[in-house]
Structures are given as C-alpha cells and as structure tokens.
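What follows draws every value from the coordinates through simple rules; no lab data is involved. Nothing here was measured: the structure is a model prediction, and the numbers come from that model. All Cβ positions, even for glycine, are placed from backbone atoms using ideal geometry, and neighbour counts span all protein chains on display.
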Amino acid sequence: MRTRLAHIRFIIGALALAFVVAVAAPAGAQDRNPDGSVNPTASAVNEEQLLNALRGGAVSGRVTIPDQKAATLIQPEGQVWRDFHEVTLRWIGLIAIIGMLILLVGFYMWRGMVMIQSGRSGRVIVRFNGFERFIHWMTATCFIILAITGLNITFGRPLFASAFGSEAFTTWSQWAKYAHNYLSFPFTIGVVVIFLMWIAGNIPNRTDVEWVKQGGGMVDPSKHPPAYRFNAGQKMMYWIVVLGGTAMAITGYIMMFPFYVTDMAGMQFSQIVHGVVGVLFVAAMLAHIYIGSIGMEGAFEAMGTGTVDENWAKEHHPLWLEEQKKGPAAGGARPMATPAE
Amino acid sequence: MARMKFLCDADRCIECNACVTACKNEHEVPWGINRRRVVTLNDGKPGERSISMACMHCTDAPCAAVCPVNCFYTTADAVVLHSKDLCIGCGYCFYACPFGAPQYPRVGNFGSRGKMDKCTFCAGGPEADGSKEEYAKYGANRLAEGKLPLCAEMCSTKSLLAGDGEIIAQIYKERVVKRGYGSGAWGWKTAYRESIAS
Ligand code: HEM
Ligand code: SF4
Ligand code: SF4
C-alpha cells in the first residue's frame, strides 16, 4: 500500500514538474528587458491584473501563521457584501415591512374586522390544548424579541445611534445581541415542535384549491370556503414558519459560530440569507398577527383560552367542526384535537 | 494634515516577518491576533511575491460603513480607529474588510467574540494619548510621540513604507524608475481607489 502510494505520488510529482517546466520555459525567455538586462518583474503578479483575472474573486497566498483566513490578501467580495448590507437589505426590509403595514391598514379600512356572521352560539369547542398554546406563545415571544433585536442590527444605527448617543446605543445593542443569541435556542425548539405537532393538519390537499378559489372568504364575506383544521392560508403560515424558521436557525447558527463550518463566502452568504429571510419573515408575521387579532372576530381566543365558538368554527373550519362532532370513534378527529383538556 | 497610508513594495519584501514581530511586541498583541501578516503569492513559483498586509486605513472605510454600532472614527491623519468600548463583537467589519484586518480575541463563545482588534497605525484609540488605558486596549500610540508605525520603521529592506501617502508614493515611484520595474502598490486600488503608475 505504502509503496503504491509513494509510486503514485512520484508520478504526480513528475507530471507537476514537467508542467511547471513547460509553463515556465517560455516565460523565462521573456524575463529580459529589450536591452538584454534581467527583468525580474516580468512574471510577477500585479494587483490590478490579478484582480481582473480573478474577476472579483479573492487574492490568496500562503501564510506562516495558523489562522489560514489570513492567507486571503484581498477579498473584493467584501464590497459587494457591504453594499448588500447597507443598501439592498435595507430597501428589501423597508418595502416588505412598511408595505405589509400599509396593506394591512388598507385591508382593515376596506373590510374591517371579519365578524362571526351568525353571531356567537355560546357553545365552545376546544381548538388548541395547553401544550400547543404554550409552544405557540413561547415561539411567538422569542420571535418578536428576535425580530426587534435583529432589526436593530439592520436599522438601529441610522435610526437611533445619534438620537440615543453612541454609549447608550451600544449598551442596548450589546444586550439585544445577547437576547438574540440566547433566545435563538427556545425559538428553534419551538419551530421543531410546531413542525411535529401540526404537520398532520398542514399537508396541502384538494380542499385548499377550493379555499384559494374562493379567495379564503375574505373577499366575499357571505361565502364560507371549505377547510379542515387548518385552511390554505394557515397552512401557508405554517410552512413559512417551518421553512423560514429552519433557514433562520441554520444561517443564524452559522453566524453565531463563525468560520466553524464555512469560509468567508459562506459567512457572507449566510448573513445575506438570514437578513433577507428575516425581514420577509417579519412581514409575513405581521399579517399573521393581524388576522389573529383585530382582523377576525373570535380568532384570538383559539390561542388565548384554547377554545373557539362553534359558529366561528362553522364559518371558518366547517369540515373540521364536522370531524370533531363525529368524534374519534368515527375516525374523524385528528389526534391533537381531542376536546378534553 | 497628512493622509497616512501603508505601502508594501512587493519587489523588496523578503518575507522576513520583522514587521509582524515588531507589531506584536510593540503593542503586546496577544497570541492568535494578527494585526499584520505577510502573505506570499505564487509561493515557490516564478514571479513569487510577498506582501506585508495590515489594516490599510481605507478611504470611505468599509468596516466603518457596516458597523452596526458606529464604533469607527477617522483621525485628522485619516487613520481609521475604533472604540473597544462601543464594539459588540458582531464580526461584520471582518466580512466587509477587503484585507482581513479585523481580529477577534475569541472565535465564537455563544456569539460573543470579544472586542475587535486591528492595526491602529500605531495611533492608539479614543483614550487620552499615551495613557495606560489606551495602551491596554490598543497598544502604543507612536503617532502622538511624533513617530511612525514600528512595522515600517523596522522593515529590513524598507519594503514596507508608512507615512504621508504622497511622500511614500513618491519614494516608491523613484524606486520604480531607478530599477526599471515594480509590481504596483499592493492594495492601493482597493483601499484608496488609486494606483501608482509603474
Ligand atoms: C433561529 C435562530 C437565530 C439565530 C441563531 C440568529 C442569529 C443571528 C446572528 C448571529 C446575527 C448576526 C448579528 C449578531 O451577531 O448580533 C443575526 C442577525 C439578524 N437576525 Fe437572527 N438569528 C436567529 C433568528 C432570527 C429571527 C427569527 C429573526 C427575525 C425575524 C432574525 C432576524 C435577524 C436580523 C434582521 C439580523 C440582522 C441582519 C443584518 O442586518 O445584517 N433572526 N441573527
Ligand atoms: S483595511 Fe479593513 S479594517 Fe482597515 S480601514 Fe479598510 S476596511 Fe477598515
Ligand atoms: S465587530 Fe465591533 S467594530 Fe466590527 S462591525 Fe461589529 S461592532 Fe463594529
């Protein structure tokens, strides 16, 4: 084995040497100035040529210190990343978040709160048990703090740094950073549990097509589109949380443990994904908060007390209500929706 | 006021690492932090060149632009300095810096990398010039004593030049004219958006 390896290595070495000689030979002929004197720089590298040849890639060499990141002499990608962080991300964030707020205010003015049309029946049915509500609110609390402390990194400096003064803004940002780092753990656990506990009701199916066709019932309030435990809109929210949360966790932990698993390009890419998905996530959650509070009568209590009015269920989740009424004996109820608490 | 710059004449640098050692010693830079390093390009091949690199004290510095807490400031000599009291150790300046200058005392202790450290052009930090606090955080303040950065002063071949940009550019140009070649002022295009014709 050893001898064969040595043999292979010898052949590779010989080939490499032959290559170097072949490449170097013509260069050697040019190593002279027109007057015949030696021009030692003829084959030397020049910053501009090298940067052009690399087309914006990094210029790397060899260093004698253990930190191999130091072997990168110039990384022009930093300028692209700077531009993303200073300009692009801020625009995406502004448009997504302010745009969503304008949309929601406009929608509220147009449609107002979606009421329970047949009024309250006075009979309630369990929608989310204590464990589900605990996980929801734990994840939600973490999300809000993560969003505020994250957006502080994106927008804090232009908004508050001069108003608060550098010292105060740094003190706040330092605590915000600790909060962002530590709350990432319960948030990630929450996303995983949400994924597992609600996956059964969130697989897209044919009912969703009908629901979407009817515009979710938001456009024409007299119609009530079909839905089981979760309608197409809620399913979308579920997948935004599961996939968005996963993307945030992966890119976030890459940033929290810098250069453990990736290089400079990977770090910059992680930050870009984290930033873009983050601001879009915030915009999506604003819509979620809207519909769960002032957007719809009777919706908040599902996560508040855990029960909903039967008429609310009849209008927004008719198929689910039927399932529940039939009870587990009929094979209709989904495991997590057992009415006993 | 001078516009301070570094210039490494790659045709003179012999990768002796005297600049690195001088820097480490002058500022008591801890193990693992490399304010200055020597990078060898085309190692062992024709056209091999070594370049001593540290913070270049860029014009319109990228690090200062991306820092979320605004802890950088530029001195009257155009030296880019920062405040360790303000830094939250987010690591963003390292992602933006073209030259890999920012350094962190810790790699990632649950998101805390400690206060960023980098070359100060031997000009200390925001504390009072020459004070104990300034020395502890940023190292010596030679500029306040009227001296130039020690790395360049100690350079055995005078490859590394530090000082007023116009003067060191002039020295470099004269060298190029005299010896008939020069591989360019490394990093100048990126840091100062100019290059010295050679
Ligand atoms: C799930 C786990 C998460 C982890 C591990 C994580 C980690 C990080 C880290 C390390 C940073 C770099 C800045 C710093 O060091 O303070 C960051 C920035 C940021 N995070 Fe998170 N994060 C997570 C979740 C979230 C969530 C859920 C949101 C928003 C809804 C969010 C929004 C942001 C934003 C907006 C930034 C700033 C981006 C920029 O302007 O560069 N993060 N995060
Ligand atoms: S070399 Fe890097 S750390 Fe120094 S001023 Fe330029 S961007 Fe900032
Ligand atoms: S590590 Fe410190 S100096 Fe660098 S960008 Fe973050 S807060 Fe600013």
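Points worth noting:
- Tilt relative to chain B, helix B:165-179 - C-alpha long axis, 0 to 90 degrees, to 10: 30 degrees
- For residues of B:68-77, the mean tally of beta carbons on other chains within 10 Å: 4
- Distance from the alpha carbon centroid of segment A:278-316 to that of segment A:137-174 works out to 27 angstrom.
- Rounded to 10°, Cα long-axis angle of helix B:18-27 versus longest principal axis of chain B: 20 degrees
- Förster radius 41 Å - calculated FRET efficiency between residue A:90 and residue A:138 (Cβ-Cβ, nearest 0.05): 0.85
- Cross-link table B:84/B:189; A:223/A:314; B:5/B:189; B:5/B:137; B:24/B:147, entries beyond 19 Å C-alpha to C-alpha: B:84/B:189; B:5/B:137
- Computed over segment B:12-162, Cα set: Rg, Dmax in Å: 15.4, 49
- √(5λ) per eigenvalue of the Cα gyration tensor, segment B:102-198, largest first, Å: 32, 18, 11
- Note on A:254-264: average number of Cβ atoms from other chains within 10 Å of each residue's Cβ is 3.
- Sparse-neighbour loop sites [chymotrypsin sites (Phe, Trp or Tyr not before Pro); segment B:47-113; at most 13 other C-beta within 10 Å; DSSP]: B:110
- Percent of beta bridges antiparallel (DSSP, chain B, rounded to nearest 5): 100 percent
- Candidate aspartates and glutamates - alpha carbon under 17 Å from residue A:235, same-chain residues fewer than 8 apart omitted: A:132, A:208, A:210
- Other residues with beta-carbon under 13 Å from the beta-carbon of residue B:164 carry, at +1 per Lys or Arg and -1 per Asp or Glu, a net charge of 0.
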